[in-house]
Amino acid sequence: NVDNNIELNKKIIEKIMESMLDNFDFDYGGFGTQPKFPLPDAIKLVLDQYAKTKNRDFSVIARLTLDKMHGIFDDIEGGFYRYSVTQQWNEPHYEKMLETNAGVIHNYLQGFQILKKDEYKETAIKSLNYIKNNLSNEDGGFYGSQDADEEYYRLNAEERKKHGKPFIDKNIYTDLSSMMISTYAYAYKILKDDYYKIFAIKSIKFLIEKSYDEKFGMFHFFDGKRKFLPGILSDNVYFIRALIDIFDVTDDMAYLNVAEKISKFVINNFMDKEDKCFFDKIDNPEDIGFLKFRDKSIIENSIAAINLIKLSKLMSNNETYNNEKINIKNNEKNKIEIKSIEKNEYLKIAENMLKAFYSESNQLGINAAVYGLAIQEYLDAKT
């Protein structure tokens, strides 16, 4: 059971930041040695904490990493490769993942906003153009990845035109598309380009139509014909986050209502009755082998906690919330009865989850960055 004596305070974040400094590569940026992966949650936490504390160490971590990570950026077509085989960021593994790009583009946009470096904005825009041209489904949503083709990516711009493009996985994965929707919403806020808001809204509506079911929640992916694999936590929590981010740029209550509906679904279907944290998948008696084993991820629970904290705050700010629903498809307002929810209930669930993962966060160090983001969200909500 959860130790209620645990105090959620800024010391938790300070400890994660110490671990970040311990693991930081002061020669080449990033963390650790090789292979070297972008760690978007860590960079977001660094930038957030620099904005709050003005600690110059955090500025050094962010600047050096964003500068050096350019080594896995595709200068010709835009977009970031998956990771660097070397410590120096100079030998990419050439696969381009939607998830990587969603996180890293967000980092460069935030880096531009906080550190005022125009090159970061240019890198972000070029990468957003790569997503638009290669990984966007015209009806909404985003494709999963583009294959690593070493020969292709070593060609110059003219040679590439004659060479067939690497294979694109055109399945639309709910969690990954949701990550990019959130990045598009943020791109709209920073760059003030309506395209990002319009396509993000289109993508939200597409996922509601193609991958959502009131009984099963979000399905994991849509292959153009069918939706597959319901009952995975990451799809639901990242989609809820995307809904909240779209509400943030539209003020349309429809998105908040869907976010709350799926949040209730998650609470009712994923929560462990004992420690009140969320399993990574729904219990399914038909599962066999390793599928029988359920886990609780600090990353997905931290994202869920952030969502619940934000919903708690937004619900208390919107008096119309509990008696009005807007139909997303035609925007008609329908008066319906929604079971009124105590606005602090979500906050209490989030607080419990953060306490439950406290000891694990201590062992994870830098890999607890997303937990640090959730703690900061909680502390901001309490002040």
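The values are calculated or read from the model by the stated rules, or taken from the named source; none is laboratory data. Everything quoted here is computed from the prediction, not taken from an experiment. Neighbour counts are summed over all protein chains in view; Cβ atoms, including those assigned to glycine, are modelled from backbone coordinates with ideal geometry. Calculation scope for accessible area: heavy atoms of the full protein, side chains included, ligands and nucleic acids excluded. Shrake-Rupley method; radii C 1.70, N 1.55, O 1.52, S 1.80 Å.
Some observations on this one:
- Surface composition of the chain: carbon plus sulfur atoms contribute 46% of the solvent-accessible area (1.4 Å probe, protein chains only, all chains present).
- Distance violations [Cα-Cα > 31 Å] among 10/205; 210/310; 44/96; 11/296; 197/296: 10/205; 197/296
- In the chain, the DSSP-assigned H stretches of four residues or longer account for a calculated mean residue ellipticity at 222 nm of -17500 deg cm²/dmol, using -39500 (n - 2.57) per stretch and the full residue count as denominator.
- Cα shape, segment 104-212, gyration tensor, a/c 1.5 rule: oblate
- Computed lengthening from residue 167 to residue 252, 0.36 nm per intervening residue step minus Cα-Cα distance: 26.9 nm
- Whichever aspartates and glutamates have a C-alpha closer than 17 Å to that of residue 225, once near sequence neighbours (fewer than 8 apart) are set aside: 138, 139, 169, 209, 213
- For segment 20-67, the solvent-accessible area works out to 48 Å² per residue, with a probe of 1.4 Å and every protein chain left in place.
- Positive minus negative residues near residue 144 (Lys, Arg vs Asp, Glu; Cβ under 14 Å): -4
- Surface exposure of segment 84-143, expressed per residue as accessible area with a 1.4 Å probe, stands at 38 Å².
- Simple point charges give the picture: +1 on the Cβ of Lys and Arg, -1 on the Cβ of Asp and Glu, and for the chain a dipole about the Cα centre of about 800 debye.
- Sorted largest first, the principal axis extents computed over the alpha-carbon atoms of the chain equal 60, 48, 47 Å.
- Global geometry of segment 50-97, whether rounded, prolate or oblate, following the gyration tensor of its Cα atoms and the 1.5 cut on a/c: prolate
- q = 0.09, 0.19, 0.20 Å⁻¹, segment 187-322: log10 I(q)/I(0) [Debye, one scatterer per Cα]: -0.29, -1.16, -1.25
- Environment charge at residue 102 (Cβ cut-off 14 Å; Lys +1, Arg +1, Asp -1, Glu -1): +1
- Span from the segment 117-178 Cα centroid across to the segment 73-98 one, whole angstrom: 12 Å
- Of all aspartates and glutamates in the structure, the ones whose alpha carbon falls short of 19 Å from that of residue 162, not counting any fewer than 8 places away in one chain, are 74, 75, 77, 147, 149, 150, 151.
- Within a Gaussian network of the chain (alpha carbon springs, distance under 10 Å), most fluctuating of 148, 305, 368: 148
- Accessible area (Å², per residue) of segment 191-240, counting only protein heavy atoms and a probe of 1.4 Å: 48 Å²
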